[in-house]
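Working notes, beginning with the structure itself.
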Amino acid sequence: MQSINNINEPTGTEKPILNVKGLTVRYGKGCPHCMNGGELNKNTCPKCHTVWAANGVDIELYKGEILGIVGESGSGKSTLMKSIYFDFPVTEGEAYISSYMDGKKNIFDVNLQQKKFIRNNIMGMVYQNPVLGLRMDYSAAGNIAEKLIAAGGRNFGKMTERAKGLLDSVEILEERMKEPPKNFSGGMQQRVQISKALANNPEVLLLDEVTTGLDLSVQAKVLDLIRMIRQEFGVSILLVSHDLAVIRMLADRTVVMLDGKVIERGLTDQILDDPQHPYTQQLVHSLL
């Protein structure tokens, strides 16, 4: 498969679809040491043991691009994703979506009803563990219908056709539409999860370690599917992975995280071919 890196390099004048500023997720009250920028033991305060799962994270996602988020386990990348999707409460920070309230309203400050609207209409999420994103006892089509109903869909015929079209696009046979995901392989479950996330034509798709644990041949199919989705649906994708091969293959730009902070960012080829931060150098060289 050929790389499609850097086909959507931001121009500098383009407005991001998603703009996250200073996102912080803290577990614990904090103390004068850590609240005033004192040195942490990885992401934990040595004085009060407060955990800074995400610490002042800034990211920008542009129209039609895939932004890769890479880092070791515990670096904060999944915390970042789940915070954006409102799965985790945010301690501090702001996030703006250009199509929501003209990009002028911090989505972390809106009420629960508006957060549900954003989740159901503007964003889609695909979790590493399909159990978090699917109802395993519902049919595959029923999972998609659930997302459509949450966004106000009521027409049974239209929802059935939408489910059929989406499942067909991820190569789930029509005769298996009524089967529950618990009967499917891990790769098929991820494809159902992706089709559900796309149900309402979201502008932003969040993919959290979607190939982890899959066989290599299945991984390749899922990666091809992600590239097709970006091309055909025009969706902007935030892609979290610890696998640099996946990042190199898919991401236009890449952000590297360590201990809850962003330590390096840039075009994917630049990050992986000429890493500047010692941790990124170690990460890249460990795979050579």
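Quick look at the numbers
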| item | result |
| --- | --- |
| In region 105-159, the residues that are in a helix (DSSP H, G or I) and among the small types (Gly, Ala, Ser) | GLY133, ALA140, ALA141, GLY142, ALA145, ALA150, GLY157 |
| Filter result (touching a residue at least 12 places away in the same chain (Cβ under 8 Å) and surrounded by fewer than 16 Cβ atoms within 10 Å (Cβ to Cβ)) within region 270-288 | GLN276, HIS277, LEU287 |
| Neighbours by Cβ (under 6 Å, 6+ apart or cross-chain): first from region 42-53, open to solvent by 70 Å² or more (accessible area, probe 1.4 Å); second assigned to a loop (DSSP other than H, G, I, E, B) | LYS42/ASP259; LYS47/CYS31 |
| Single residue of region 210-234 satisfying the filter (touching a helix residue (DSSP H, G or I) at 6+ places or on another chain (Cβ under 7 Å) and not in a helix (DSSP H, G or I)) that is most open to solvent (accessible area, probe 1.4 Å) | GLY213 |
| Condition check for PHE86: closer than 30 Å to TYR27 by Cα, part of a helix (DSSP H, G or I), open to solvent by 20 Å² or more (accessible area, probe 1.4 Å) and of a type in the set (Phe, Trp, Tyr) | no |
| Where MET136 falls short, out of the listed (1) in contact with a helix residue (DSSP H, G or I) (Cβ under 6 Å, 6 or more places away or on another chain); (2) buried (at least 16 other Cβ atoms within 10 Å of the Cβ) | (2) |
| Within region 180-209, tally of residues that are part of a loop (DSSP other than H, G, I, E, B) and of a type in the set (D, E, K, R) | 2 |
| Residue, farthest from GLN190 (Cα to Cα), within region 235-278, restricted to residues that are in a helix (DSSP H, G or I) and acidic (Asp, Glu) | ASP273 |
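The values are calculated or read from the model by the stated rules, or taken from the named source; none is laboratory data. Everything numeric in this text was worked out from a predicted model, so none of it was measured. All Cβ positions, even for glycine, are placed from backbone atoms using ideal geometry, and neighbour counts span all protein chains on display. Heads up: the accessible areas ignore ligands, DNA and RNA and are worked out on the full protein's heavy atoms, side chains in. Shrake-Rupley method; radii C 1.70, N 1.55, O 1.52, S 1.80 Å.
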